1. List the residue pairs whose Cβ atoms are under 7 Å apart, where the first residue sits in region 5-32 and is at positive phi and buried (at least 19 other Cβ atoms within 10 Å of the Cβ), the second is in a helix (DSSP H, G or I) and not acidic (Asp, Glu), and the two are 6 or more positions apart or on different chains.
2. For region 12-113, which helices (runs of 4 or more DSSP H) that fit wholly inside it have 2 or more residues that are at pLDDT 75 or above?
Amino acid sequence: MQVTVEEGKLFYKLFSALLGFVNRKLNVVPEQSSESSEYTSLPPQTRGNVRDSLYGHRGLIDEFIAENPAGLSPEELDVVAGWKHALVGRSMDLSLTFATPHGNFKWRHSRKD
C-alpha cells in the first residue's frame with residue numbers, strides 16, 4: 001500500500017494531536033508540553049513510549065474525540081476513532097511472483113514481531 005503525501009500529512013497531524021493529548025493525560029514525558037508540534041520534536045524512542053501508553057489506554061481515544069482539543073473536523077475525528085481498533089505490532093508479509101522459462105516462481109516471506 002502506498003500512502004500519498006496528503007494522507008501522510010493528515011496521519012501525522014491527527015496522530016500527533018492524539019499523542020499530545022495522551023501525554024497530557026498520562027504525563028509520560030513530564031518535561032514536554034502536550035502540544036502536538038512539540039510531540040513531533042521528541043526523540044523516536046520517547047515518542048514510542050507515548051504511543052505505547054496510548055495502546056494501553058485506548059479509552060483515551062474516546063476522551064480525545066469527546067473533548068476535541070485540536071479542533072478537528074468530524075471527518076478527521078472519524079479517522080481517529082478507527083484507531084481504537086488498531087492491531088499493534090510490527091509485521092511484514094511480502095509475496096513476489098517471477099516468470100521464468102519453466103513457469104512461475106513464487107516467493108513469500110512473513111515476519112511478525
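1. From region 5-32, no pairs qualify.
2. Numbers: elements: 36-39, 44-56, 59-67, 74-82.
Passing ranges, in order: 44-56, 59-67, 74-82.
The values are calculated or read from the model by the stated rules, or taken from the named source; none is laboratory data. Treat the numbers as computed from the prediction; the structure is a model and nothing was measured. Counting neighbours? That spans all protein chains shown, and the Cβs are built from the backbone with ideal geometry, glycine included.
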